[in-house]
Amino acid sequence: MKNFIASTIANAAALAVAIWLISDITLTGDSTGNKILTLLLVALLFGLVNFLVKPVVKLLALPLYILTLGLFTLVVNALMLLLTSWLADVVDLSFHVEGFWTAVLGGLIIAIVSWAVNMILPDKD
């Protein structure tokens with residue numbers, strides 16, 4: 001359970017940094033508490049997408065991973081961020097990523113920040 005909470009906090013922090021750095025990744029809300037709640041819900045959604053969809057995409061794209069020596073990871077991360085943006089729109093969360101290249105840059109920032117936060121947070125169950 002602690003691992004799940006730590007992972008959600010890491011995702012929320014990484015998403016917050018990406019929203020802060022990139023103007024085309026937006027999170028809107030009328031109050032700070034509402035924005036924090038939306039950010040946590042988007043982080044949960046992002047974690048769910050990464051848990052359910054990303055392994056299947058990685059398996060299907062294995063030849064591209066080998067061909068590009070792993071750089072295809074940036075494309076897969078961008079697609080997961082775009083899928084999260086689409087799902088957030090479906091469930092009426094105010095999170096949006098504008099365009100593929102914004103998602104590539106956002107995915108890179110999220111991967112770096114999430115790695116750094118996971119190094120700090122404990123990962124024991």
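For segment 66-125, what does the accessible surface come to per residue with a 1.4 Å probe? Please give it in Å².
63 Å²
How far is helix 100-120 tilted off the main Cα axis of the chain, in degrees rounded to 10, range 0 to 90?
Orientation of helix 100-120: about 80 degrees from the principal axis.
Provide the gained length on full extension for the span W115 to L60, in nm with one decimal, where the gain is 0.36 nm per separating residue minus the Cα-Cα distance.
The W115-L60 span can extend by a further 17.4 nm.
Karplus couplings for segment 56-67 from phi (6.51 cos²θ - 1.76 cosθ + 1.60, θ = phi - 60°), rounded to Hz, Gly and Pro as x?
The phi angles translate into 5, 5, 5, 5, 5, 9, 3, x, 6, 4, 5, 4 Hz.
Taking the Cα centroid of segment 8-57 and of segment 66-125, what is the distance between the two, rounded to the nearest whole Å?
Between the Cα centre of segment 8-57 and that of segment 66-125, the gap is 9 Å.
Which of G33, G99, G47 ends up with the largest GNM mean-square fluctuation for the chain, with Cα atoms connected below 10 Å?
Of the options given, G33 has the highest mean-square fluctuation.
Report the full-extension gain for the segment K35 to D92: residue separation times 0.36 nm, less the Cα-Cα distance, to one decimal in nm.
Result for the pair: 19.2 nm of gain on full extension.
Would you mind working out the magnitude of the charge dipole of the chain relative to its Cα centre, with +1 at each Lys and Arg C-beta and -1 at each Asp and Glu C-beta, to the nearest 20 Debye?
My answer is approximately 360 debye.
Top mean-square fluctuation among I66, I109, I25, Gaussian network model of the chain, C-alpha springs under 10 Å?
I66
Can you compute the modelled spin-label distance between S23 and V53, with each label point 7 Å from Cα toward Cβ, in nm?
Going from the S23 label point to the V53 one covers 2.8 nm.
Percent relative contact order of segment 24-83, based on C-alpha pairs within less than 8 angstrom and at least six residues apart?
Normalised by residue count, the contact order of segment 24-83 is 30 percent.
With a 1.4 Å probe and every protein chain kept in, tell me what percent of the accessible surface of segment 12-125 is carbon plus sulfur.
The C+S portion of the solvent-accessible surface of segment 12-125 is 73 percent.
Take the alpha carbon atoms of the chain, find their radius of gyration, then divide it by 2.2 N^0.38 Å using N residues; give the quotient.
1.04
Name the residue from W86, L69, N34 whose Cα lies farthest towards the positive end of the charge dipole of the chain, charges +1 on Cβ of Lys and Arg and -1 on Cβ of Asp and Glu.
Going by the charge dipole, the pick is L69.
Report Rg(Cα)/(2.2 N^0.38 Å) for segment 57-125, keeping two decimals.
1.28
What angle do you read, to the nearest 10 degrees and between 0 and 90, between the alpha-carbon axis of helix 32-52 and the longest principal axis of the chain?
20 degrees
The values are calculated or read from the model by the stated rules, or taken from the named source; none is laboratory data. Note that this is a predicted model, so its numbers are computed, not measured. As a convention, Cβ positions derive from the backbone with ideal geometry for all residues, glycine included, and neighbour counts pool all protein chains shown. Note: accessible area is taken over every heavy atom of the protein model, side chains too, but ligands, DNA and RNA are not part of it. Shrake-Rupley method; radii C 1.70, N 1.55, O 1.52, S 1.80 Å.
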